[in-house]
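The values are calculated or read from the model by the stated rules, or taken from the named source; none is laboratory data. Since this is a predicted model, take the numbers as computed values, not measurements. Reconstructed Cβ throughout: ideal geometry from the backbone, glycine too, with neighbour counts over all protein chains shown.
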Amino acid sequence: MLARYVQGVHRLPFEVAVRLADPHGVSLQWLAFGEGPMRLGDGDHAPALPTASDEALLGNLIEGLESYLLAEDLRLHPRHKARVVVLFRRLLDRRRAKMLADGLDVPPELSTAGHPIDIAADPDLADIVRLVQ
């Protein structure tokens, strides 16, 4: 059965991934994407305190998620919403890092309050919502 997930025949449900990863201290980012340290706490430094732009980005993610859920007539438990926002943030952080590495400008509205993220316009973000529900 595990081979079907590895081969991409079936998608690993988010709840199953959490049940597999959590007891063993495995990072969900590593399990889902093969990126970052495999074990939680294997990073080189402690996480930085959130900045005003971090708070704006999180606010934009939450506003965008709420709008998307309403438009799609979907409901998520608050814990699942939190997981979606964390996964969104990780994905957007990776995209931001790639843009910077490629010498591209990061759209300033991402970290400016009052600019909800358009989940419906981004298939990766919409897939995350569907996987978590």
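Brief remarks follow.
- Matching residues in region 54-78 - criterion: being among the charged types (D, E, K, R) and either surrounded by 17 or more Cβ atoms within 10 Å (Cβ to Cβ) or modelled with pLDDT under 90 (or both): Asp54, Glu55
- Candidate set: region 70-86, residues that are touching a residue at least 24 places away in the same chain (Cβ under 8 Å) and among the aliphatic types (A, V, I, L, M); chosen: the one farthest from Glu15 (Cα to Cα): Ala71
- Look at (1) loosely packed, with under 11 Cβ neighbours inside 10 Å; (2) at pLDDT 75 or above and you find that Arg39 fails only one, number (1).
- Those residues of region 109-133 which are modelled with pLDDT of 90 or more, within 15 Å of Leu69 (Cα to Cα), in a loop (DSSP other than H, G, I, E, B) and of a type outside the set (D, E, K, R), in sequence order: Pro116, Ile117
- Which numbered condition Leu12 misses (of (1) under 22 Å from Arg130 (Cβ atoms); (2) surrounded by 14 or more Cβ atoms within 10 Å (Cβ to Cβ); (3) at pLDDT 80 or above): (3)
A quick yes/no check of all residues on (1) in the same structural domain as Glu15 (by TED's automatic domain parsing); (2) in contact with a helix residue (DSSP H, G or I) (Cβ under 6 Å, 6 or more places away or on another chain); (3) touching a residue at least 12 places away in the same chain (Cβ under 8 Å):
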residue: Gly64; (1), (2), (3): no, yes, yes
residue: Tyr68; (1), (2), (3): no, yes, yes
residue: Phe88; (1), (2), (3): no, yes, yes
residue: Leu92; (1), (2), (3): no, no, yes
residue: Ala101; (1), (2), (3): no, no, no
residue: Pro107; (1), (2), (3): no, no, no
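- Conditions (1) under 22 Å from Glu35 (Cα atoms); (2) part of a helix (DSSP H, G or I): number failed by Val106: (2)
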